[in-house]
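The values are calculated or read from the model by the stated rules, or taken from the named source; none is laboratory data. Quick caveat, the model's predicted, so the values are computed rather than measured. Backbone-built Cβ (ideal geometry, glycine too); neighbour counts: all protein chains shown.
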Amino acid sequence: MGDRAGRKPAMILSFSLMGIAIAGFALTPPEAMIGIAAPVLVICFRLLQGFALGGEVGPTTAFLLESAPPNRRGFYTAFQLWTQDLSVLAAGLVGFILANLLNATQLEEFGWRIASLLGAVIVPFGLMMRRRLPETLFDASGGKRERVPLRPYLWVAVIGLVLLASGTIGTYVCDYMTTYAIATLHMHANVAFAATVVIGLSGITFDLISGAISDRIGRKLTMLIPGIALIVVIVPAFRLISAHRTTGTLLAITAVLYVLLELSGVPVVVWLTESLPAGIRSGGVAVVYAVAIALFGGTTQFSVTWLIKATRNPVAPAWYWLVAAIVGVIAMFAVRETAPRKVVQEKETSSTVER
């Protein structure tokens, strides 16, 4: 839809569906009241939420990139991940507050409903903002719709899928820190939710910095430097958390890991969006992103939990993430630079050498 009708109607539709899903999920009566219909409704609303999220990423990312001046695309597009991390921060704060106000039974019975309904409050404001946005599709495509052949961009999709899968596994391992701290490290729930707050703070602090850096030194180098650093620190970081099960260690290590992950991950999204022409940009980003989330994000926490139980080793999540990070860095070497400033510099250098 985003590549046919425009970015704006696609964004309005996806956000409306998201609002329906969140509100429906929170307001579903308990099983004691409506029986088997309760879990069926919950599953349906969660599926609708996932469908809406899959339709949200493509047009919003395309919109941000197309709204940006050429030499600031990285910074503008980074707002996609920045807003995601802002929501993680908000969720972490809500969870932290509820964990301090309610006991475990209350959290399980109705605390999660409060959190979901708070998230639904933003929907009307988001819809009002989106209705006022300009359309960018037809400016980006030269004012006309052209059929874009898919074959030349299959390689971009494959590399993008590998890169996003690697980053998604890292993100979900970091998100798992809350469960990990409670179930494996046996820490209190409010400490665990504090790790989510740290993840959100780290993201909103460094997402835009990463995007701006990628505009200056290029997408590829901005991916590689923190990506390689992440490979070096993942296993030692988890060993430290396991050996020193304190609040300070958990929060500090979580911050370091997530900062490196975001510094490396932002230019991946920018590169993928920038590598696709306007006619398939929204759909291409959405499909690659959705496949990466479904196949790798959705299975990460189950896989990590199974590994911990099977090996009885609290460092098991690190090895799972390490493999994904190595595969991701290998894929980064296959990336062709797309940052306008770097592309112009490379062409000028090549022209000078030829002369």
(message) Being assigned to a helix (DSSP H, G or I), of a type in the set (A, V, I, L, M, F, W, C) and modelled with pLDDT of 85 or more narrows it down to one residue among Ala181, Ala157, Ala99; which is it?
(response) Ala157
(request) Examine the range 157-176 for a residue that is buried (at least 19 other Cβ atoms within 10 Å of the Cβ) and farther than 29 Å from Gly283 by Cβ, and state whether such a residue exists. (result) yes
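Go through the range 54-72 and report how many residues are closer than 23 Å to Gly126 by Cβ and at pLDDT 90 or above.
Of the range 54-72, the ones closer than 23 Å to Gly126 by Cβ are 54-68.
Then keep just the ones that are at pLDDT 90 or above; that gives 57-68.
Counting residues in the range 54-72 that are closer than 23 Å to Gly126 by Cβ and at pLDDT 90 or above gives 12.
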(request) Go through the range 164-200 and give me each residue that's under 14 Å from Ser242 (Cα atoms) and aromatic (Phe, Trp, Tyr). (result) Tyr180
(message) Scan the range 249-272 and tell me whether some residue there is more than 23 Å from Leu89 (Cα to Cα) and at pLDDT 95 or above.
(response) yes
(request) Report yes if Arg216 is assigned to a helix (DSSP H, G or I) and among the charged types (D, E, K, R), otherwise no. (result) yes
(request) Would you mind stating whether Ala331 is part of a helix (DSSP H, G or I) and within 25 Å of Ala212 (Cβ to Cβ)? (result) yes
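Given the criteria under 21 Å from the mean Cα position of the chain (by Cα) and at pLDDT 90 or above, does Phe51 qualify?
Numbers: under 21 Å from the mean Cα position of the chain (by Cα): yes; at pLDDT 90 or above: no.
Here the answer is no, as Phe51 does not meet what is asked.
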(request) Any residue in the range 183-208 that's in contact (Cβ under 8 Å) with a residue 40 or more places away in the chain: show its pairings with residues that are outside any helix (DSSP H, G or I) and surrounded by 24 or more Cβ atoms within 10 Å (Cβ to Cβ) at Cβ separation under 9 Å, as long as the two are six or more apart or on different chains. (result) Asp207/Ala78; Leu208/Ala78
(message) Which numbered condition in (1) over 24 Å from Ala334 (Cβ atoms); (2) surrounded by 15 or more Cβ atoms within 10 Å (Cβ to Cβ); (3) of a type in the set (S, T, N, Q) is the only one that Ser210 fails?
(response) (1)
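Checking the structure you have, find out if any residue of the range 180-198 is among the β-branched types (Val, Ile, Thr), closer than 16 Å to Trp321 by Cβ and surrounded by fewer than 19 Cβ atoms within 10 Å (Cβ to Cβ). Show your work before the answer.
Let us first name the residues in the range 180-198 that are among the β-branched types (Val, Ile, Thr), namely 182, 184, 191, 196-198.
Pick out the ones that are also closer than 16 Å to Trp321 by Cβ and you get 184.
In the following step, the residues that additionally are surrounded by fewer than 19 Cβ atoms within 10 Å (Cβ to Cβ) were identified as none.
Within the range 180-198 (the criterion being among the β-branched types (Val, Ile, Thr), closer than 16 Å to Trp321 by Cβ and surrounded by fewer than 19 Cβ atoms within 10 Å (Cβ to Cβ)), the answer is no, since none of the residues qualifies.
Residue-by-condition table, conditions (1) crowded, with 19+ Cβ neighbours inside 10 Å; (2) assigned to a helix (DSSP H, G or I); (3) β-branched (Val, Ile, Thr); (4) in contact (Cβ under 8 Å) with a residue 40 or more places away in the chain:
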| position | (1), (2), (3), (4) |
| --- | --- |
| Ala252 | no, yes, no, no |
| Val266 | yes, yes, yes, yes |
| Trp271 | yes, yes, no, yes |
| Trp321 | yes, yes, no, yes |
(message) Return the residues of the range 331-346 that are touching a Ser or Thr at 6+ places or on another chain (Cβ under 9 Å), within 18 Å of Ile231 (Cα to Cα) and surrounded by fewer than 16 Cβ atoms within 10 Å (Cβ to Cβ); say none if nothing qualifies.
(response) none
